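Report on the following structure.
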Amino acid sequence: MTDSVLPPELEAIRSRLPEMVADLERRAPYGAALATSSAGLQVAVSDRESRVSEDQRSQGAVLSAWNGAFLQERAVGSLAPEALAGAAHALAAELELRPGPAPEPGPPRDEHLSRPTEIDPRTQTPRDKLELCQRYHAAVRGLDPHIVNAMVTYNETAEAKVFAGRGRLLSQSITRIRFQILLIVSDGQKVQRDWLMRDGTGGLEIAHIADDELRALAAEAAALLGAGRIEPGFYDVVFDPTVSGVMAHEAFGHGVEADMFVKGRARAAEYLGKRVGSPLVNLLDDPTVPGAYGSYLLDDEGQVAAPTTILREGVFERGLTDLYSAFRLGIPRTANGRRQGYERKAYARMSNTFFARGTTPVDELIAGVERGVYLRKTSSGMEDPKGWGVQVEANIGEEIAGGRRTGRLFSPVGITGYVPDILASVSAVGNDFALDGGNCGKGWKEWVPVSSGGPHLRLKARLG
Amino acid sequence: MHDHLLQTLGHTSGVHDWRLRRVVTASTQYYLAGREPENERSVNSERFEVEVYNDHPAAQGGEMRRGSAAVTLLPGDEARIDARIRQAVFMAGLTDNPPFDLPGPAVYPQVLTADRLLEAEPARVARDLAGRLLEAVAHEPGISLASAEFFVDRHEMELENSRGVNGREARTSLLVDFVLLARDEAGHETESHVEVRRRALQGVDLPELVRRQAQYARDTLRAGEPETGRFPVIISGDALHQLLGGSFMSPLAFRSSARFKYEGVSRWELGASVYDGATPTGDPLTVYANAILPWGLGSGAFDEDGVPGARLQVIEHGVLRSFWAPQRYAQYLQVPPTGAFGNLEVLPGSLAVADMWQGVGLLYHVVAFSSMMPDPVTGNFVGEIRLGYERRGHEVRPIKGGSLSGNLFVGLAHARLSQETVMLGDYLGPQAVRFPELTVSGR
């Protein structure tokens, strides 16, 4: 087990940031600095070609100052002290100061935050990672004659950042790993695809898929060639954790990002302290989940990570804030101020968002459905915080008849509905739990790594 | 940095070819929460993207193979250039791909990609747009502004390679993103959200955009649910752009890509129908990969390898005529290199938009999806209807909720395309398409 440290460029600038913030605060009532560094590796192996390459590397910093009414920021794609000093000087000069209250940076703290890694990716060479992908490619390629291409990809991103505010100097280092096997299958007429993903924060231990899972993937991919389109209508359904998770994320997560409250875009604002779902439903956002893909120890505005309970037994308890929304709404901050990079502003964003585990065995969830659909493997979703509509797309739906899965598949399956109706219809919550990573946008941009998940859920939903 | 990089690439052992892209970016961003500023920022960055190509005997068989790998160098990296290039050579040497060449020098077309109005005073443009937006919203009764974002960006690119390519181009882009709220007398509120990306200021008609989005927000207030069944469906504007343009890549571009043909993912064949077995009954589909469309978001004088931008006929009357092909995959498939796809250009059809609803009984017209990301491999799609209209003869009522699903390639076999065209950033084509039958999952 190893602890991660800051890359040298960030280590060199760490001690100089407080001075820049102090300079800013000679003019502005609140100042802050964030310096970031990310570097990655991508490895891809398919039937026809392979690649080992650096994933696009980025380094930069953003200086922020509150002018009495709003934030003004200058960002530069450099960690050179003179570049940052120049940006700080320019920002101080262009501030449009106005009278008014200002955010507070929080209590003093000076700490580097990191978590130990089991198999540190730095101890393995790019050749090791290529061979890992080649082994999985060889293992999966011959599993079914319908496979026309198998693509194995490994992505590793080492992210580090330093935040400086008045009295606060915090830093963190995190490595995110995504490992995916994608199968393209064909019967000569139709083409389909199916995939398996492993992701998380940590080390190479994440990139492991068992042989029986590979065989199941190949069998399911081939079976998808016979998948039909589902008859539209309302169904009793069972969600797997990936579908549960995207429902949690899209249906309620985006709608409780508190910048939406400031902008008048959140219907959830009318439901604070009120019931919005079944008493079986508990929903959390927790950036501290060990090893989850959306985890972090420090948000991009200097707030140390901590879990937030959004729904407790179906009642809306609190939302997720960034600095601006917490200040404007006069509510406590949560550690959800996140940026796509130094190039973009911070917004209130989710981290790992999930339904809490229940008590019902998964077999019993399915056995309790007379006629319905088992939905698994989410491919996308979209929020509607004002209308409280929701769209989630599952790659696979499997018919349930008489409490049993029949093997009859549908693909893809769209799940739509009105959020309170969906949450109120939850009739059983599984005793399992899994998280699935991905990248989340705000609207159509501002991508940040997140995960979502939970247990299997049984509920009613409109499918199409 | 630049000269040192060239010297290092020239003398480092194992660098058999190289490509160097210098990208300088300046971004001005302005945000409103309600009517008030929320944030104002400026961003400047510079990076050198180096791709190194290494030729070596294959690990198995011994024939010559080529690998390539990228590294990014940033300001402050001067002392690490040698080590970074050696790292790239090491990574490139790990993979045994079939050999391919880099493009050589070429005459590049003149393409409109940089708007002087955006280049000159980006901060002023952003603030002016905010002012014009607030003014336009003030003219809409019952409508207020929830939020707005304005990005004025400029990218300057210089491209060189070991075979003599030398190109330089500036590209601007403008993003306008805003959310309007409508409120009825009972206090119910709805929103309409739009995000517009264009290369030039002239591509954004803000008053018209506000008028349209305000009407969408008002219509959403009184929208009901659609019925369930299979119905004729018109999809228009941004919703059509999403359907044809896809999320990361248009399904039409994906299927006609030499790369995905080489990978075995596209089953399309030159000279064969693109309708996945469906017998065409609609307007014939003709598609161009247009990388030289004036002000197109996908336009450029050259692609990332240095292949000149061009307008390529990909599909003619529903038959695949060409695969669009970057240099590498052109050689793998033994087709001419055409460069990047650029923008999706679809030729117009035979039906006026005003005639699309005539004589078909119950019909749905979708103007906004919550999300529409057709699967480029299968062509299947499903998307929630954020706003649409149900038409029964002269009766029109707004609808929302439920989903629309189908298969894009089969649907296009039977689709009627509008005579009128629209330019939406990286799409030039029919303003609306009528599909004779798609599945609606509603009440």
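The values are calculated or read from the model by the stated rules, or taken from the named source; none is laboratory data. Small disclaimer: the values here were computed from a predicted structure and weren't measured. Counting neighbours? That spans all protein chains shown, and the Cβs are built from the backbone with ideal geometry, glycine included.
Numbers at a glance
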| quantity | calculated |
| --- | --- |
| Residue B:219 being among the charged types (D, E, K, R), under 15 Å from the mean Cα position of the chain (by Cα) and closer than 22 Å to residue B:391 by Cβ | no |
| Number of positions in region B:108-153 that are touching a strand residue (DSSP E or B) at 6+ places or on another chain (Cβ under 8 Å), among the hydrophobic types (A, V, I, L, M, F, W, C) and within 17 Å of residue B:179 (Cβ to Cβ) | 11 |
| Residue in region B:217-231 that is over 30 Å from residue B:188 (Cα atoms) and either of a type outside the set (Val, Ile, Thr) or in the same structural domain as residue B:379 (by TED's automatic domain parsing) (or both) present | yes |
| Among the candidates A:231, A:213, residue that is within 14 Å of chain B (Cβ to nearest Cβ), surrounded by fewer than 23 Cβ atoms within 10 Å (Cβ to Cβ) and more than 20 Å from residue A:380 (Cβ to Cβ) | A:231 |
| Single match in A:6, A:34 (criterion: under 21 Å from residue B:72 (Cβ atoms), in a loop (DSSP other than H, G, I, E, B) and more than 12 Å from every other protein chain (Cβ to nearest Cβ)) | A:6 |
| Residue match in region B:402-420 (condition: in contact with a His (Cβ under 8 Å, 6 or more places away or on another chain) and either away from every other protein chain (no Cβ under 14 Å) or basic (Lys, Arg) (or both)) | no |
| Hits in region B:208-220 - residues which are more than 10 Å from every other protein chain (Cβ to nearest Cβ) and out of contact with any Gly (no Cβ under 7 Å at 6 or more places or on another chain) | B:208, B:209, B:210, B:211, B:212, B:213, B:214, B:215, B:216, B:219 |
| Criterion: within 29 Å of residue A:203 (Cβ to Cβ), surrounded by fewer than 24 Cβ atoms within 10 Å (Cβ to Cβ) and among the basic types (Lys, Arg) - qualifying residue of A:51, A:27, A:16 | A:51 |
| Residue list for region B:153-191, filter: of a type in the set (A, V, I, L, M) and modelled with pLDDT of 95 or more | B:157, B:159, B:165, B:170, B:174, B:175, B:176, B:179, B:180, B:181, B:182 |
| Residue pairs meeting the criteria (Cβ under 7 Å; at least 6 apart or on separate chains; first over 21 Å from residue A:174 (Cβ atoms), in region A:13-41; second in a helix (DSSP H, G or I) and not small (Gly, Ala, Ser)) | A:16/A:81; A:20/A:84; A:24/A:91; A:31/A:21; A:31/A:24 |
| Criterion: in contact (Cβ under 8 Å) with a residue 40 or more places away in the chain and either surrounded by 21 or more Cβ atoms within 10 Å (Cβ to Cβ) or not assigned by TED's automatic domain parsing to the domain that holds residue B:122 (or both) - qualifying residue of B:146, B:170 | B:146 |
| Sole exception among (1) buried (at least 17 other Cβ atoms within 10 Å of the Cβ); (2) in contact (Cβ under 8 Å) with a residue 24 or more places away in the chain; (3) among the hydrophobic types (A, V, I, L, M, F, W, C) for residue A:97, by number | (1) |
| Residue that is nearest to residue A:65 (Cα to Cα), among those in region A:125-138 that are surrounded by fewer than 17 Cβ atoms within 10 Å (Cβ to Cβ) and away from chain B (no Cβ under 12 Å) | A:135 |
| Filtered residue count, region B:364-399, keeping only those that are within 26 Å of residue B:194 (Cβ to Cβ), charged (D, E, K, R) and surrounded by fewer than 23 Cβ atoms within 10 Å (Cβ to Cβ) | 3 |
| Selected residue (only one of A:105, A:81 is surrounded by fewer than 20 Cβ atoms within 10 Å (Cβ to Cβ) and not polar (S, T, N, Q)) | A:81 |
| Single residue of region B:421-443 satisfying the filter (part of a strand (DSSP E or B) and polar (S, T, N, Q)) that is farthest from the other protein chains (Cβ to nearest Cβ) | B:421 |
| Criterion (surrounded by fewer than 23 Cβ atoms within 10 Å (Cβ to Cβ) and within 13 Å of chain A (Cβ to nearest Cβ)) met by exactly one of B:276, B:305 | B:276 |
| All strands (runs of 3 or more DSSP E) inside region A:345-464 with 2 or more residues being within 14 Å of chain B (Cβ to nearest Cβ), under 18 Å from the mean Cα position of the chain (by Cα) and surrounded by fewer than 24 Cβ atoms within 10 Å (Cβ to Cβ) | A:371-382, A:434-442, A:445-454 |
| Residue A:185 being over 21 Å from residue A:121 (Cα atoms), surrounded by fewer than 19 Cβ atoms within 10 Å (Cβ to Cβ) and either touching a residue at least 12 places away in the same chain (Cβ under 8 Å) or of a type in the set (Ser, Thr, Tyr) (or both) | no |
| Complete set of residues in region B:5-48 that are away from every other protein chain (no Cβ under 13 Å) and either farther than 25 Å from residue B:166 by Cβ or hydroxyl-bearing (Ser, Thr, Tyr) (or both) | B:8, B:12, B:13 |
| Failed item in (1) touching a Ser or Thr at 6+ places or on another chain (Cβ under 7 Å); (2) at the interface with another protein chain (Cβ under 10 Å from one of its Cβ atoms); (3) crowded, with 22+ Cβ neighbours inside 10 Å, with residue B:94 passing the rest | (1) |
| Test: residue in region B:76-94 that is closer than 30 Å to residue A:72 by Cβ and more than 27 Å from the chain's Cα centre (by Cα) | yes |
| From B:107, B:125, residue being within 30 Å of residue B:3 (Cα to Cα), surrounded by fewer than 22 Cβ atoms within 10 Å (Cβ to Cβ) and among the aliphatic types (A, V, I, L, M) | B:107 |
| Residues within region A:222-253 that are of a type outside the set (Ser, Thr, Tyr) and under 26 Å from the mean Cα position of the chain (by Cα), tallied | 15 |
| Scope region A:65-78; condition part of a loop (DSSP other than H, G, I, E, B) and either in contact (Cβ under 8 Å) with a residue 40 or more places away in the chain or out of contact with any Ser or Thr (no Cβ under 9 Å at 6 or more places or on another chain) (or both); matching residues | A:67, A:68, A:69, A:70, A:77 |
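Rundown of residues vs (1) in contact (Cβ under 8 Å) with a residue 24 or more places away in the chain; (2) buried (at least 17 other Cβ atoms within 10 Å of the Cβ), yes/no style:
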{"site": "B:192", "(1), (2)": "yes, yes"}
{"site": "B:205", "(1), (2)": "no, no"}
{"site": "B:222", "(1), (2)": "yes, no"}
{"site": "B:236", "(1), (2)": "yes, yes"}
{"site": "B:241", "(1), (2)": "yes, yes"}
{"site": "B:252", "(1), (2)": "yes, yes"}
{"site": "B:257", "(1), (2)": "yes, yes"}
